[in-house]
Structures are given as C-alpha cells and as structure tokens.
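Peer 1: Pasting a structure below so you can have a look.
The values are calculated or read from the model by the stated rules, or taken from the named source; none is laboratory data. Quick caveat, the model's predicted, so the values are computed rather than measured. Here Cβ is always computed from backbone atoms with ideal geometry, including for glycine, and neighbour counts include all displayed protein chains. Just so you know, the surface numbers come from the protein's heavy atoms only, side chains and all, with ligands and any DNA or RNA stripped out. Shrake-Rupley method; radii C 1.70, N 1.55, O 1.52, S 1.80 Å.
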Amino acid sequence: MDGTETIAARPGADNAAARECLGAPDAVALRAIKLTAGYGNRAAVREVSIDVRRGELLAIVGPNGAGKSTLLRALSGALRPWSGTIELASRPLAEYDRRALARRMATVAQENPVAFRFTALEVVLMGRAPHLGAWRFESAHDLQIAREALARFDLTALAGRAIQELSGGERKRVFLARALAQEPEVALLDEPSAFLDLRHVAEIFGRFRELAATRAMAVAVTLHDLNAAALYADRVLLMKDGAAAGYGRPEEAMTAERLGAVYDTEVYVGRNPATGALAILPIGAPRRPAV
Amino acid sequence: MSGVAPIRERQGGGLDEAGAPETHDYLTRGRALGALAMLGAILLVTASVALACGSVHLSLLTALNDPASADRAILMGVRMPRVLMGAIVGAVLAMVGAALQALVRNPLAEGGILGISGGGAFGAVLAMILFSQFGGSDVVVPVCAFGAALLSTLAVYRLAQVEGRLEPLTLLLVGVIFNAFWGAAIMLVNSVVNFYFTHSILFWLMGSFEAPTWHEVAIVAALGAGGFAILLGRARDLNLLSLGDDEATHLGVEVDAVRRTVFIVTSVMIGAAVSVSGVITFVGLIVPHMLRSLFGADHRLLIPAAMLGGAAFTVAADLIARTAIAPAELPVGAITALCGGPFFIYVLRQEGRRTLGL
C-alpha cells in the first residue's frame, strides 16, 4: 500500500486529498501518449494521444469500428496497450494495483450482462467493493452512498428489483449509478446513452456534467450521437480507423469537412438556435423535398 | 425469511416507494446470520433423523447414555462416520458448485456436469489399481483424483472458450463430452481388471458413502474446511465476477489470480470428495440454485449457506438411499441423479432464455 492509496481510501477526505494530488480542475487526470492497442494482430487504436481533464467531459466519436471502445478499454486498464503510455495523475497506469485503480477510476462497458439475480441496489453496492476489505459488509456510509447514487439516476423505486427484470435503459442507469458509487476521479463510459430515451439521455449527461463541475470529475464517453457530443462535451476526439482525425473543442474537431471525410458522406454542420451548440445532420441521398 | 427484520432503516430521504420489500434489497449481516441459523437447524434435524433411522432400529438416548450398549457401537462405528461423511461431501460439492457457477457465470455449471468429478474418479480408479499392491493408497488416491480433476477443469475451461469468450452452451457441451470420455475410460479399465476391482469401479461410477473410516472422514473434513475458508475469502470477488471479467477488473479484482485460486481449490475439494465417495452428481447444481432463489445471489451468504444446505441435502439423500429398500442399499449417487436430472431440465427451461441466451 502506497501513500496515494491511503489518501483515496479515506472517505470524506476524498475530494480535498484527490484535488491535492491531481491538481486543480482542468488539470490532466488521465493522459494517453501515442497509444496503440488491439486484438490478435489487428491494431484497433493507432498512436492516439489524448488528455482527459478534471472538470470536463470528453466525447470520443467516430463510425463503427473506429476504435472508440478499444481506446476506452485500454484507458481503463482492462486491455494492455501494445505501445505508448497511459498516465493517471502523472503516474503510469501499470504502477497502480487493481484496487487502487478501481478507487480512482470507474468504467461502464457498453453491454452489462449480470449472471445471477442480484438486485439493483446490490449491483450499485458492488461499486463500494474497492473501498472495502474482502470480509467486510457494507457500512451505513456505503449504503448511503449507494442510495444517493440510485436516487441521482432516478432508480430509488427499483432498488429491490432483480437486475434481469429491468429494461435496457434502467439497467444502464444502474451501472452508471454503480460507477458513481465508486466515487472515482475519472469516469470512462462506453456508449452510456445507447438504450436511453431522450429525457434520460439529457438527464445522464446533465448528471455527469454536474459531477464534473462539483467533484472535478474527469469524464470520457464514447458516443454515436454527434449532436449529443456537440451539446454536452467540452472537447471531442474524432476517430477513424483507429487514429485521431480531429481533437479539440467541438467546433474545431467536428467541422463539416472532417466529418464528411470520416463518415464518408456529406454532412451539414450548423448551429442549433435553441442551445447555440453545433447541429450536425447528414445530407447524403435525401428524399426529394415536398413542393 | 420474513421472520428476519431489516437491521437498518431506509436512508433514501423519503423518496422511496412502499413497493419493494426492504429485506430483499441487499444482504446485511443480520440477514446472512438469520439464514445460516435456519440452515444450521435444518442440518441438525436432518442429521439426527439420519442417525436414528436405518436398517437396524436404534435408540439415540440409549446410545448416548450407555457406552457399552450395542446401540452405541452401531451409532459410533457405522452411522456417525457415514452421516458425517455424507454431510462433509455434500457440503464440499455444493460449495464447489456455487463457486464454479460464479466463475464461469453459468447457473448450470457443476463438478459432475462439467466432467470434473468424472476426471477425478478416473484418477482415483487408476491410482487404486496401479498402487494397490504398494499400500499407502489413501494418500495416493486423493492426490491422483485431485490431479485428474484439476486437469479436467483446465481442459474444460480452455476448450469452452470461443475467441476469448466463455460460451455458456459450449461449456455445457464440453462437459457432456468429458463425462462421456471419462465414463468410457473407466469402463475400459473395468474391462481389463479382475473381479475385485470391478466392484470398486462400479462404486466410483455411482457414488456411495458405504462404511467410511474415521481416518477418511478427518482428511476430507480438513480439506473441505480449508477450501471453505479460501472460497469465503473470495466471496466478494465472486460477486463482482458475475458482472463479467472486464467489470470485475474495473472494480479491483485480479481476475486471473482469483480464477486460478478457485480452480485449484475446487479441484482439491472435488478430488477429496470423489476419492472417498465416488461420483455424486447434481448436488452442486440443486443446492446453490435453491439457496439463490431463497436468499439472493450474494456469495458472502451463498458459500456458507451451500455448505450447510449441501450437507443437509446429501444426508437426506443418503438416508433415502439406505432405508428405501432396506436391508439392501441404493447408491446415493443414483438418488441425487434421479432428483437432479429433472431439476437440470427445469433450470435450463427457466433460466435458459435469460441467462444462456437460448
């Protein structure tokens, strides 16, 4: 056990101590430099360099098979990169032991299968595991954190339901609540909005924006929905064939020209008059407009 | 479990709806202890009935009060070791079933079904035949049973992986093939050895608790207790593994280390059980499944509950085996398989669609 672990393990002191060792908001929490990773002998991510900063939401977008999920898996430590480095709080990821890593970084995968009939609350309480010893039962403090996480994702009424009985969207929110119960400094979310309806998409991004702001959490999400990326992300990484095709503020990363090249179809980029964010629409092969 | 009150009040800040019963929200220490006390009581009652009943009528009171009585001699010399052995082997099989199911994320996984017990039985039979003339086979037989069980575990696990993913159906099919393979291997050995061994081999194929020695009881008890302690220590990791390897990794579990530990421990436990009682199938399937539907899926309760529940179940099965057609005996493995076959189909139909994607 090293010094950083004991700091992170003390509840309550989390925020202040974490901020102390990671620096102020906007400081880089997670950094990848020339990261290459893949499966078998196929590289799915090639020489990608990104920063995930505290207090911000970074969206990773791109077509199917662009390497978004692979990048996220490598960043989470589940997939060992072929080359390049990943640093969490300026320390190589490989130097952390799994439990220490789990106290600082939470990951929610695209699909969330559960083998047995655990209740929603039990799944969320599993987020407390990295903070607990092998033999200990959850304390009142852990339970409170889990219940708050459930409430934050509108799940309080479903706490006692078996996870298998929930809809795809409800289950996804349970896993997001579990990530929150980990009290991480960095959250990596793979397609968090995939099964959600409009209201819950808005709510989820609202929640994570709020967490970024109040807890200086660094959030990275992969997304298919370019408009959601434009609306909610502070910065965007646009990927194609495993490499970065654009990186920066939404306006910089997602120009009509870049998107056209990456998605191989004509794209309209304008402004949404209601929000002022980019509005991105495909143009290719339209229906003839009604006269 | 309605008798056990929730030990903590709700802390949701008045947002809760009254719908979901609080006791099933999550596992508390109080709920766990309540469940274990209940199972312990069931085990005690079952064991007492099993000690009192048998082909010879016996008074437990006489046996306890009069050290010189025939009742005492039968109780301590015959029934007690048999009931104890049944309890220990049942406990071991049910705990192993629960742990393996968590590890491969498949409610149908079990030592007998996956062919691990079959491998252990083959190892035991082979060791018995090869080393019988040298003596000391009560060490060699369990060691060989363990070795063959571990080999089967690793082989089944590797072969069931398709492109790095453990496919639930492939796993069961590989188990079927291993069972057939080990069964055939034992039959092959059976056909070339003399009549004396033929009986022992049949015994291994069907499973029985006939006349164990106190020495055997002690060895299996020690290995079972050690295995229990190690599995209980991994109980939270087994919970997290239910979410998948990646998710467990993200929650701080050293997945490969846990998997290695559990494979070795369960193989030792199955090896020990098989070397004294042969192949007893389905205990590891039926007991954890029933306990999960009663008490929830949390392995911090499931592992100790499987120990008590498996012991009670197997003692009861053995009681039926030796009293149903007394004074003749049925093999206990036949009783558990007769219950287990239909139960397997039932679970497959119930859970198949949801958990196995059928």
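Peer 1: For the residue pair residue A:199 and residue A:41, what label-to-label distance in nm results when each label sits 7 Å from Cα along the Cα-to-beta-carbon direction?
Peer 2: With each label point 7 Å from Cα toward Cβ, the separation is 5.3 nm.
Peer 1: I need the helices of chain B that pass two filters: whole DSSP H segments spanning 20 Å or more by Cα along the axis, and mean Kyte-Doolittle score no lower than 1.0.
Peer 2: For chain B, where a helix must reach 20 Å along its axis and average at least 1.0, the hits are B:29-52, B:80-104, B:116-131, B:137-159, B:168-192, B:214-233, B:255-277, B:299-323, B:332-351.
Peer 1: Extent of the stretch B:148-272 along each principal axis, from alpha carbon coordinates, in Å, largest to smallest?
Peer 2: 57, 37, 16
Peer 1: In the protein assembly as shown, if the dipole is taken from +1 on Lys/Arg beta carbons and -1 on Asp/Glu beta carbons about the Cα centre, which of A:214, B:325, A:67 is farthest to the positive end?
Peer 2: A:67
Peer 1: Sticking with this one: What is the magnitude of the charge dipole of the stretch B:120-277 about its Cα centre, with +1 placed on the Cβ of each Lys and Arg, -1 on the Cβ of each Asp and Glu, and no other charges, expressed in debye to the nearest 20?
Peer 2: The calculated dipole for the stretch B:120-277 is roughly 180 debye.
Peer 1: Across the residues of B:99-112, average count of Cβ atoms on other protein chains within 10 Å?
Peer 2: Taking the mean over all residues of the peptide, I get 1.
Peer 1: Then there is this: Rounded to the nearest 20 Debye, what is the dipole magnitude of the stretch B:36-351 about its Cα centre when Lys and Arg each give +1 and Asp and Glu each give -1 at the C-beta? Intermediate values should be presented prior to the final figure.
Peer 2: Numbers: 14 positive and 18 negative charges, 33 e Å.
With only Lys, Arg, Asp and Glu charged at Cβ, the dipole is about 160 debye.
Peer 1: Which whole-number percent is the relative contact order of the stretch A:3-282 (Cα, under 8 Å, 6+ apart)?
Peer 2: Answer for the stretch A:3-282 is 24 percent.
Peer 1: Also: How high is the relative contact order of chain B, given as a whole-number percent (alpha carbon pairs under 8 Å, six or more residues apart)?
Peer 2: RCO, chain B: 29 percent.
Peer 1: While we're on this one: As a test question: what accessible area, to the nearest 10 Å², does residue B:187 have when a 1.4 Å probe is rolled over all protein chains in place?
Peer 2: Number for this one is 100 Å².
Peer 1: So, one more: Could you please tell me the mean projected area of the C-alpha convex hull for the stretch A:34-116, averaged over all directions and given in square nanometres to one decimal?
Peer 2: 6.8 nm²
Peer 1: For peptide A:97-104, how many partner chain Cβ atoms fall within 10 Å of a residue's Cβ, on average?
Peer 2: Per residue, the average neighbour count from other chains is 4.
Peer 1: Let me ask something additional. What is the antiparallel percent of DSSP beta bridges lying wholly in the protein assembly as shown, to the nearest 5?
Peer 2: 60 percent
Peer 1: Now for a different question. Considering the convex hull of the alpha carbon atoms of the stretch B:225-300, report its projected area averaged over all viewing directions, in nm², one decimal.
Peer 2: 5.5 nm²
Peer 1: Counting Lys and Arg as +1 and Asp and Glu as -1, each charge on the Cβ, what is the dipole of the protein assembly as shown about the Cα centre in debye, to the nearest 20?
Peer 2: 340 debye
Peer 1: Ok, one more. Going from the alpha-carbon gyration tensor of the stretch B:157-221, what semi-axes, largest first and in whole Å, does one get by taking the root of 5 times each eigenvalue?
Peer 2: Its equivalent ellipsoid spans semi-axes of 32, 19, 8 Å.
Peer 1: Still on this structure, please answer the following. For q values of 0.14 Å⁻¹, compute log₁₀ I(q)/I(0) with the Debye formula on a Cα-only model of chain B, without solvent.
Peer 2: Debye output, listed in q order: -1.17.
Peer 1: Kirkwood Rh over alpha-carbon pairs of chain A, then Stokes-Einstein at 25 °C and 0.890 mPa s: what D in µm² s⁻¹, rounded to an integer?
Peer 2: 124 µm²/s
Peer 1: A further question follows. Tell me the Kirkwood hydrodynamic radius of the stretch B:277-358 in angstroms, computed as one over the mean inverse distance between distinct C-alpha pairs. Could the numbers behind the result be given before it?
Peer 2: Numbers: mean 1/r = 0.0723 Å⁻¹.
Roughly 13.8 Å, rounded to one decimal.
Peer 1: Additional query: Hey, with R₀ at 22 Å, roughly what FRET efficiency would residue A:251 and residue A:94 work out to, going by the Cβ-Cβ distance, to 0.05?
Peer 2: Calculated value: 0.05.
Peer 1: How high is the FRET efficiency between residue A:214 and residue A:261 when r is their beta carbon distance and R₀ equals 51 Å, given to the nearest 0.05?
Peer 2: E(calc), rounded to 0.05, equals 0.85.
Peer 1: Also, I was wondering about something else. Among B:169, B:217, B:282, pick out the residue whose Cα is farthest towards the positive end of the charge dipole of the protein assembly as shown, where Lys and Arg carry +1 and Asp and Glu carry -1 on C-beta, about the Cα centre.
Peer 2: In the protein assembly as shown, that residue is B:169.
Peer 1: Still on this structure: What do you get for Rg/Rh over the stretch A:177-291 if you use C-alpha atoms and the Kirkwood form of Rh?
Peer 2: Ratio of gyration radius to Kirkwood radius for the stretch A:177-291: 1.01.
Peer 1: For residue A:44, enumerate residues with amide H under 5 Å from its amide H, sequence gap 5+ or separate chain, H modeled in the peptide plane.
Peer 2: Under 5 Å from the amide H of residue A:44: A:37, A:38, A:39.
Peer 1: Heavy atoms only, 1.4 Å probe, whole protein assembly: order B:206, B:128 by accessible area, highest first.
Peer 2: On the way: B:206 90, B:128 30 Å².
In descending accessible area the options line up as B:206, B:128.
Peer 1: Among bridges DSSP assigns within the stretch A:3-282, what percent are antiparallel (round to 5)?
Peer 2: Approximately 60 percent, going by the DSSP bridge assignments.
Peer 1: How big is the Cα convex hull of the protein assembly as shown in projection, averaged over all directions, in nm²?
Peer 2: If I average the Cα hull's projected area over directions, I get 35.6 nm².
Peer 1: Oh, and also: For chain B, set up a GNM with springs between Cα atoms under 10 Å and report which of B:56, B:287, B:96 has the largest fluctuation.
Peer 2: Maximum among the listed residues: B:56.
Peer 1: With r defined as the distance between the Cβ atoms of residue B:211 and residue A:140 and R0 fixed at 56 Å, what FRET efficiency is calculated, to the nearest 0.05? Display every interim value, and only then the final one.
Peer 2: Numbers: r = 53 Å, r/R0 = 0.94.
It comes out at approximately 0.60.
Peer 1: Round to the nearest 10 and report in Å² the accessible area of residue B:170, as given by a 1.4 Å probe over the protein chains' heavy atoms.
Peer 2: 40 Å²
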